[in-house]
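Colleague: The structure's right below; bear with me while I get my questions together.
The values are calculated or read from the model by the stated rules, or taken from the named source; none is laboratory data. Just so it is clear, the model here is predicted, and its values are computed rather than measured. The area values use the complete protein model at the heavy-atom level, side chains included, leaving out ligands, DNA and RNA. Shrake-Rupley method; radii C 1.70, N 1.55, O 1.52, S 1.80 Å.
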Amino acid sequence: LTGVLDDCLCDIESIDDFNTFKIFPKIQKLQERDYFRYYKVNLKRPCPFWADDGHCSIKDCHVEPCPESKIPVGIKAGSSNKYSKATNNSKELEDCEQANKLGAVNSTLSNQSKEAFIDWARYDDSQDHFCELDDERSPDAQYVDLLLNPERYTGYKGPSAWRVWNSIYEENCFKPRSVYRPLNPLAPSRVFNLGSVCLFSWTGLCLEKRVFYKLISGLHASINLHLCANYLLEETWGKPRWGPNVKEFTRRFDPIETKGEGPRRLKNLYFLYLIELRALSKVAPYFERSVVDLYTGNGREDAESKALLLDIFRDTKSFHMHFDEKSMFAGDKKGAKSLKEEFKLHFKNISRIMDCVGCDKCRLWGKLQTQGLGTALKILFSEKEIQSLPENSPSKGFQLTRQEIVALVNAFGR
């Protein structure tokens, strides 16, 4: 791939050089640190859109949850919005003071009203989210070691996988009027092939809808690339051999095999990279504050993790060809607000669809990458709140949970 990307003043060669020599080696190191390698996820949530067709029985679909004893004490004990040792230690005192403050009020409230207030607070917290987050307090939520459960080809394919992506593109994505899509393997007497293609047209799609489609296409390309790069090549005497599958890569991305669509998919991956890079540069002030420690309980490791993260932020700011999100939702206020809500609703639906993926390992990485992108969008549309954060006290207007931070870094690492 060469040349300039659509909808931004950036060329592919500059991104390649910047990523290869500056960003990738550091983000790889960061992903290996305890704070970022353990991700809490609920892989048992039911599919909200159609009857579950059963989980994948292939052994490579399995995700091995992490025993509680292996989780660093600071991650296991810390509240999702608490980062530093000081805030973790003061949590009990805060809870006590809060209880005293609310005591007089609560005595006049019925249990039904209290439940309503809790629901309202939960609703308010969710309003700035582009994703539906897993409830970390659920008994079904488990810690997973991402390094021991890498994203790779598991054998999960066919009608179940097709239905997930078809639902994303056809029902929850602002799609160009005509764009290549694989034929429906669920339809009778049709062969599932990747050869049919329509002419590609952006006619009638505004910038915001083009951006949304490119992000989803880029996410799809990212997942497909990792499946091709870490493919089960052979299994002899119970010893699997994983590696790049060039034939599979060609089938999904070659210009001739895909009738011109493959390179466009890869360009959308670069576009996704730019969006998440922009988010990292924008969220830097949030992490530069002394109250944020990336707390695991290991003081030395926590300090090194934060130093490495801030170093990555400095690099992201040095890249001069960012995507300019200010051009989005910039029309008349009423129309812009309506479009932004539609944008958010579509993306939340896509995050819910990830609970319909039948393979646990695919579901894990689908949820993580979707949540990482959702966190990036949340950051890009919260610039004013981030700039006005207090230096020495917890955030009020803008917050990130540990779950969101881990997803953001690992999605960008992908």
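Colleague: With the other protein chains left in place, how much accessible area per residue, in square angstrom, belongs to the stretch 258-396 at a 1.4 angstrom probe?
Modeller: Details: 5500 Å² over 139 residues.
Per-residue value: 40 Å².
Colleague: Please label the shape of the stretch 250-384 as rounded, prolate or oblate, based on the square roots a ≥ b ≥ c of the eigenvalues of the alpha-carbon gyration tensor (a/c under 1.5 means rounded; beyond that, a/b larger than b/c means prolate, else oblate).
Modeller: On the way: a/c = 1.56, a/b = 1.29, b/c = 1.21.
Prolate, because a/c is 1.5 or more and a/b exceeds b/c.
Colleague: On average, how much accessible surface per residue is there in the stretch 1-46, in Å², for a 1.4 Å probe, leaving out ligands, DNA and RNA?
Modeller: Values: 2410 Å² over 46 residues.
With all protein chains present, the stretch 1-46 gives 52 Å² per residue.
Colleague: With all protein chains present, how much of the accessible area of the stretch 291-386 (probe radius 1.4 Å) comes from carbon and sulfur, to the nearest whole percent? List each step's numbers first, then the result.
Modeller: Values: 1980 of 3770 Å².
Roughly 53 percent, rounded to a whole number.
Colleague: Here's something else I'd like to know. If amide hydrogens are placed 1.01 Å from N in the peptide plane, which non-local residues have theirs closer than 5 Å to the one on Glu136?
Modeller: The answer is none.
Colleague: Same structure again: By accessible area of protein heavy atoms, probe 1.4 Å, what ranking do Lys259, Lys333, Lys367, Lys317 get, highest first?
Modeller: Lys333, Lys259, Lys317, Lys367
Colleague: Here are some pairs, Lys282/Lys367; Lys29/Lys239; Lys214/Lys337; which of them have Cα atoms lying more than 25 Å apart in this structure? Numbers along the way, then the final one.
Modeller: Working: Lys282/Lys367 23 Å; Lys29/Lys239 28 Å; Lys214/Lys337 21 Å.
Beyond 25 Å between Cα atoms: Lys29/Lys239.
Colleague: Under the rule a/c < 1.5 gives rounded, and otherwise a/b versus b/c splits prolate from oblate, where does the stretch 2-55 land using the Cα gyration tensor? Can you show the working numbers first?
Modeller: On the way: a/c = 4.36, a/b = 1.58, b/c = 2.75.
Because a/c hits 1.5 or more and a/b fails to exceed b/c, the stretch 2-55 counts as oblate.
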